[in-house]
Each structure stands twice: as C-alpha cells, then as structure tokens.
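To start, the structure under review is shown below, and the notes come after it.
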Amino acid sequence: MRRVIFVRSMWMGAILLGVSFVAFMLMRALPGDFVLAAAGAQMLQPDVLDAMRRDLGLNRPLIEQYISWLGAALQGDFGTSFVTRQPVLQELWPRFLVTLELTFIAAIIALIMGVGTGIASARLRGAADWIVRLYNGFILAVPNFVVGTLIVLLVGLYFPELAVLGYVPFRENPIGNVIGLILPALALALAISVTISENTRAAVLEVSNQDFVMVARAKGLRPRTILWNYLMRNALTPIITVTGLQVATLLGGSILVETIFAIPGMGQYLFDSITSRDYPVIQAIVLVAAACVVLVNTLADIAYAHADARVEA
Amino acid sequence: MTADGPILSVRDLTARIVTRKQTVEAVKGITFDIKRGEAVGFIGESGCGKSVTARAIMRLAPEGMRVDLGGSVNFCGQDLLAVSETDMRNIRGRRIAMVFQDPMTSLNPVITVGAQIEDMLRRHTGLSGPAARERAIELLDQVGIPFPARRIDDYPHQFSGGMRQRALIAIAISCDPDLLIADEPTTALDVTVQAQILRLLLRLREERGMSLMLITHDFGVVAGMVERVNVMYGGRIVETAGIDEIFRAPSHEYTRALLDAVPRLHREGAEP
Amino acid sequence: MSDAATTNERPLADTTSSAARRIWPSAGQWLLGLGLVMLAALVLLTLLAPLIAPYDPSATSPNSLEGSSAQHWLGTDAIGRDVLSRILVGGRTTLFVTFTAVAFALLAGLVLGLVSGYVGGWVDEAIMRVLDVVFAFPVFLLAIAVVAALGPTVPNLILTIAIVYTPAMSRVVRAPVLSVKKWDHVEAARSIGMSELRIVIRHVLPMVVSPIVVATSLTLAQTIFTVTALSFLGLGPPPPDPNWGGMLADARQFMELAPLTVVGPAVAIVFATLTFIILANGLREVLDVGSSR
C-alpha cells in the first residue's frame, strides 16, 4: 500500500514537471512577443527592449529560464504581473479561493443530483431507469456555457429583480455569497452530474449482484438498511473516486461559467490574462490548475487502490 | 399448525425464470413436507432446481430477475407465496433463516462481523446496544469461534473461510428460526473444515430443535445429517426416502448414479 | 419403501414474445437510426448552407435585434445580420474543424495505440507515459493555453484539438490490442509464419473497430463542445466567419431584447452535440460494446 502511494506520488511529480515545462515553453515560444507583452502598451526603443530582455533573463538558455522560474514558483514566487505590476501570487490567491468555493459547491450539487438519480435508476428500474437515462443523455448535450447563458437569459427575462451576475464576498455576506454561487455552480454541475449518475447506477447494480446483498435480504433486513449499509457503503468509494476525476472538467468549465456570471475567480483571471497577454499570470494559473487536477487524481487513484485492497483481502 | 404436523408444506411448487430471451421452468411442480425438528436432505446435480426451490421458499429472486412462482408453500399456517413482501421480510431471518454456499463473498466487507450479527438482532428482536453486543459474542462462542469478544470487532477479511461460515451460521441462528435452510454450506470449504461445519449444524439442530433443509450435490454430506432425502433432477423430485433406505436400496436409476459417484473406501459386492 | 415421486405435469405456456421481437427494431437500432438521420440533416444543412441561407451572414442591416418574422425566421442580431443564415454558415466552420480535428486524433490514436499495444515493452511504456502527460491536463485548459500561445487560426485549432484527444483515442485502441495479442489463434497464425502486418490487419483491427467507432462518436460530441467553447471565449475561428460559440458570446449583451440571438445558436449547438451522443449510444448498443447493463 505504502509502495502504491510512493509510486503514485513520484508519478504525480513527474507529470507536474512535464506540465509546467509545456506551459512554460508555450509562453516563451515567441520570445519577441514575450518582451513586447512585458512592455505593455508603451512603445519602447529597441535598446530599452534589450535591457528588458536582459532583466527578464530572456537571453539565457530556455532550460535555465525554466529551472529558475520553476525554482521560484515552488517557493510561491510566480513573478510579477505584466498588467498590474504586482506579485502574481498576490493577485492569484484570492481568485483561486473563489474558484475553489465555486468548484466545491458545484461538486456537492453534482453529487446530490448524480447519486440521487443513479440510485433511482438502479433500484426502481423500469420507467424511472429510462427517464433518468433520457434526461442524462439530453443534459450531456447541453454544454455548460450554453446552460449558463440560458440561465442568465431566463432570469433576466422572468425574474429581472434577481441579481444573477456578480459575486458577493464571503466576509461581507456569507449567505449571499453562497446563494449567489448556486446558479453558476448548477451550470457547472449539470454535465458532471450525468457522469456521476451513470457511475452510481453501474456501481449500485454491480454491488446489488454480490452475494452479501442476497444474504442481507435473506436476513429480512429493511430495504433502507440494505440500501445504505450494504449497497451504498460499498458503492460510494468508486463513486467518490470517479467524482474526484471530474475535477479537471470542473476547473476547465469554471473559466466559462465565471465569465458568464461575472465571478472574479481564477478562470476569469486566466481568460483576462490571455487577452492582455499577461504571460507570468498565464503560466502560474496553468501550473496551479494542473497541480490541483493531478493532486486530486492521484488521491482518487490511491483511495481506489485502498478500497480495492480491503475487498480483495 | 398442529404440534406434530409439518411446519413446512410445499405443494406443487413451480418456478419459472423469465428473461427477455427465454423462459425456463426451473422447478416443475414439487411436493414435500418438513416436520418440526426434522432434517431433510435435497440432493441433485447443478441445475436440478434445488437452490431455486430454497429461494422460492424465501421468495428471494436474484436482483433484477423475474421469477414466477406457482403452487403453495405453507409455513406454519401461512402460504408464503401469498403474503405481502413486508410480512415476508418479518419471516426471513426470524422464522426461516438461510446459510449460503460461498462464505468468502457472503459477508459485507466494509462492516465488522459483529455489526452484521447485531443488525440482525436489532431487526428481529428487541435487543440493541450493549445487550445486542453481548448476545453476538455469545453466538460467536456457540458456533465455535475462539476469543469471540475480540473477534467480534474484526472485519470479514480477517476471518478464514471456515470461520466466516461459522459466523454466517451464527447470523442465521441468531433469532432462533424454526427452519434453517443450508444451501451447499460446505461446498466451498476444505474437506477437513467441511466435517466441522456439518458437526456444528448437527449440534445446533439438536440443541434448538430446529428443522433443517440441507441442500447438496454430495451424498457424503447428508449421511449422518438428515432423516429423509429428496432426490431432485430436472426440476422434479424423482425419489424420496428415508436416509437408510436410500443408501441400501435406491429405486430410481438417477439416485443410483449419484450414489455410485460417491468415492468409497471399500466396496460391498462386485464392481458394476 | 421408497416412492418415486409423481408430479403433476404443467403444460408450458408458449412464449411468443421472442419471435415478435425479432421483427421490431431494438432500442439500440432506434437510436442508431435516429442518430444517422440527425447526422445526415446536420451534414446536409451545413454543406448546402451557402445555397440555402436566405442572407449573406455578414450582411448588416438597420433592422437590428428583431424577433422572428417572415423575412428573418430567427430574427436579427445587434447589427442587423440574419441569425438563421449565420447559424447555417457558422455550422460549416464548426463542423469542419470538428471533423478534421477528430479525424487526426483518430489517425494518431490508431497508430499510437496499435504500435504501443502490439509492440509492447518499453515502447509501450514510453508512448503511454508521454500521452499521460497530455492526458493529465484538463482538456479545456490545455486547448486554451495552446491556442492562446499560437494564435486562434483554424489550423491551430485543429492541431490543438487533435493533440488533446489523441491520448484518449490511443487508449481505446490499445485495450483490445492488448487482449487480442494473447489470443491463441494469433499465436497459431504467427507459428505458421503469417507476417506481423497481416496478423494486425486480419485479427487485431476487427476487434478495434467497434470500440473506436463508439469512441470517435463520443469524441465528436466533446469536440463540438471544445470548439464552441473556445469560440465563445473569443479563441475560435477569427471574425469574418460566423461561429456558434462566438454568436452566443456576442448575443449576451442584448439578449433580453432578442432572446433568439441566444436561443438560435444554443439550439444549434445542442442539436449537433445530441446527434453524436445519440449516435454513440446507438452504436454502443448495436455493436454490443461493453455495455453497463
């Protein structure tokens, strides 16, 4: 078991290295562009640009640049934003927290919806099963940004008094903060809930066919007891780990949803940085996002291996 | 139910398994009785319908499978095929209990063995909390599990195959059922452990006056365990007799074939 | 005295349902049929778009933000362009990028998966590790990063999407290859001297076809999402070409005044995605590819 954790962690580190390298290289692929972006809107003389190049270390071999950037990044120094001239970390951190909150709420909504429909589909069968599957198939076809835009449209048309755009900081108004995030989280959650639903259904069906469930029924236990203590306690592990694997999709989707609902999160920040060519920020966000995804994936993998080991024994 | 009438009276039981592609008549009309305190063996090869019969009595169709039952199953005055599912749930475990074939997969891997006995006790008797735990420890002791007070908090994967089967038997007898159905209880166990488990079942039966329906494909298993034997083939009972008569003078050729299949240490008479 | 038991013979009711089922198409066939019809409609409409579009999609007019009317079935957008025409023509670029990108991903996936799975050993390890790095990236983030760095042109879009979906395709191909490799008659074929290439073609490829067909259909659905999402963010095909994602983004400003400017492209996107999802499900049922039933 410990060996599995070690191997996975090593692997995680390797992937992160690879990811950060790719991200770095992409940004520096056009060095001319880089320094021009750093210069911002100013038109600078060539020798001033050269000086900047030297300052930014753009004359050194790419590998050196990468290593020094990585070294600094691991200590939390992601450089300075070209746009605001502030440390990137300072700009990024609050936005990261916002996205974290949004993603977390979306995951909860997706779990409730997905597990609920999955159980209904697996246990009730017949009509319920078909309805859930049709519903799932349809939801899957509507991308999260389309859902988000439609939600904003519907609210705007039929509930104009509701402020659906924007963000209320937690410190100001905790309840308002959470309520304001529900609709955007819902837009994010819908697509994920379908995957969770399908996995729940499959997991519950598979566990239902196990011998110990038959034994539980032969014991005359109540259906609710069987559902929770026998079915779900065995099915939840694969479900949770699969949900963990959806984090990647959630992070990707947050860019779109944050833009639509005007939420100042990391996703929107990424988009703004791309538009303004704020490369240090782009690099930092890509690294952080990839790190989150890889971390959660690795944890999910380990959890899965742990659950498997117990059952195999 | 009269004092010496049968507790289980099965008349013309049929079981039809319906799938989208086909319909199979697994049990084609069988009739038998089991008296109070009596042990009856059901012998046949795989597919003869003996397990389906047991599950039909308990009304336990495998998940998602449709099984149509016909005939009547009279248990202590009630036709089990006619009662509601809610009533059936009260009967399962409490009045009729079942032990299954594979102890390695019959226990819930994520909760302790003790918890699996206690949820049974909580369901059918008034016991809960410390009282249920005490009773569970007692039961583990009765089925011959050493250091029961310690092992009660173990998980199934910490038990050996034989011990798991003992635990499952403990679960089955925990609420003092009138009838215990054992479906191939020793088939998945080592030969040495098999004998132990059978002896355990015998002892428990004698102590509690419980009726036993012992299902197996092996004549060696029923010898010394039951008073009567029903031989099944192709969904029907082809022969029924007392245990001694069956061994001495089997009348149906299928029974003879089954008996011949049992390895013996010495033969009486010439080779066939 | 032992008795051979007598039983009452019950006549078996004859089940006629299975015979009837054979004439009536199964659920999977319904889905497949529906998917194919939708696909045909999609392809036809976009191919013929320049001919059947009532207006030039870039033609502006003073009738801005109008609702549905006889002249403009889906109304007009903020600068008076006909929504319907823009949807029809926009579909061309979207679908062109989608199909091309997935075709490349399929090709790359086939080659890599076959080589990796069949050759095995360190080659397999090496290929899979590299692909894992790509796979570890959130698909969308990677697409954004690449397009942002290289610029939002159609070829870049196609390249990015192809790269992003190649790992998944390779995995789908590799799995059946790995299991076929172990088959007895592959061993037998090899022992009678059949060339490796022939073995691959005759034994391995057929097993790969079913899962890869389903995977391709699913990837097409996902790609439509990626392409439209990228264009929603302004990273799609550049301005003169209308595209669904871009239309949706542009419409946001005045959407309460002219809901059709949002609903139009939304329905188009959903329809296209739905086509491939239905197709994938139908194929999965009909080809009987590891269903979860």
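Please treat every number below as a calculation from the coordinates, not as lab data. Computed from a prediction, not measured in an experiment: that's the story for all the values here. As a convention, Cβ positions derive from the backbone with ideal geometry for all residues, glycine included, and neighbour counts pool all protein chains shown.
Couple of notes before you dig in:
- Close amide-amide hydrogen proximity is noted between A:THR80 and A:VAL88, each under 5 Å apart and 5 or more residues distant or on a separate chain (H modeled in the peptide plane; Pro and chain starts excluded).
- Sites C:LYS181 and C:ASN63, calculated FRET efficiency, Cβ-Cβ separation with R0 60 Å, nearest 0.05: 0.40
- Using a simple spin-label model with pseudo-atoms 7 Å out from Cα toward Cβ, B:GLU253 and A:ASP211 lie 3.6 nm apart.
- DSSP bridge orientation in the protein assembly as shown - percent antiparallel, rounded to nearest 5: 60 percent
- Quotient of the Cα radius of gyration of chain A and 2.2 N^0.38 Å, N being its number of residues: 1.22.
- Taken over the stretch C:118-192, the ratio of Cα radius of gyration to 2.2 N^0.38 Å equals 1.50.
- Ranked B:ASP244, B:ASP183, B:ASP33, criterion: other C-beta atoms within 10 Å, fewest first: B:ASP244, B:ASP33, B:ASP183
- With θ taken as phi - 60° and the Karplus curve 6.51 cos²θ - 1.76 cosθ + 1.60 applied, the whole-hertz 3J(HN,Hα) list for the stretch B:57-74 is 4, 7, 6, 10, 8, x, 3, x, 9, 9, 10, 8, 10, x, x, 9, 10, 8 Hz, x standing for glycine and proline.
- 5 angstrom amide H check on C:LEU74, placed H, neighbours 5+ away: C:SER69, C:VAL83, C:LEU84
- Neighbour-count order for C:MET207, B:MET65, fewest beta carbons within 10 angstrom listed first: B:MET65, C:MET207
- Distribution of pairwise C-alpha distances over the stretch A:131-208, 10 Å bins, in %: 17, 35, 28, 16, 4
- Debye, to nearest 20: dipole size of chain B, +1 on Lys, Arg Cβ, -1 on Asp, Glu Cβ: 540 debye
- Three semi-axes of the equivalent ellipsoid, the stretch A:199-278, Cα gyration tensor, whole Å, largest first: 45, 11, 7
- Neighbours of B:MET65 by Cβ distance under 12 Å: Lys/Arg scored +1, Asp/Glu scored -1, total +3.
- Mean separation of Cα contacts under 8 Å, 6 or more apart, over the residue count of chain A: relative contact order %: 28 percent
- Kirkwood Rh, Cα atoms: Rg over Rh of the stretch A:248-290: 0.95
- Sequence-ordered 3J(HN,Hα) estimates for the stretch C:178-184 from the Karplus curve with 6.51, -1.76 and 1.60 and θ = phi - 60° stand at 4, 7, 5, 3, 8, 4, 5 Hz, glycine and proline given as x.
- Radius 10 Å from Cβ of A:ASP278, net charge of other residues (Lys, Arg +1; Asp, Glu -1): -1
- Computed over the protein assembly as shown, the ratio Rg/Rh where both radii use C-alpha atoms and Rh is Kirkwood: 1.07
- Computed over neighbours whose Cβ is under 14 Å from that of C:ASP124, the net charge equals +2, Lys and Arg +1, Asp and Glu -1.
- The stretch B:143-216 and the stretch A:231-251: distance between their alpha carbon centers, rounded to Å: 37 Å
- Proxy reagent accessibility, fewest Cβ within 10 Å first, across C:THR98, A:THR275: A:THR275, C:THR98
- Each residue, C:LEU197 and C:PHE254, gets one label point 7 Å from its Cα in the Cβ direction; the gap between the two is 6.2 nm.
- Once the chain from A:ARG8 to A:GLN75 is taken as fully extended at 0.36 nm per residue, the excess over their C-alpha distance is 21.8 nm.
- Amide N proximity, the stretch B:91-131 versus B:ASP153 label position 7 Å along Cα-to-Cβ, cut-off under 13 Å: B:112-115
- Between B:ARG135 and B:LEU202, the FRET efficiency from the beta-carbon distance, with R0 = 22 Å, is close to 0.45.
- Sequence-distant residues sharing a close amide H with B:GLY71 (under 5 Å, placed H): B:THR14
- Karplus-derived 3J(HN,Hα), 6.51/-1.76/1.60, for each residue of the stretch C:72-89, Hz, glycine and proline x: 10, 4, 10, x, 10, 9, 4, 10, x, 7, 6, 5, 4, 4, 5, 5, 4, 6
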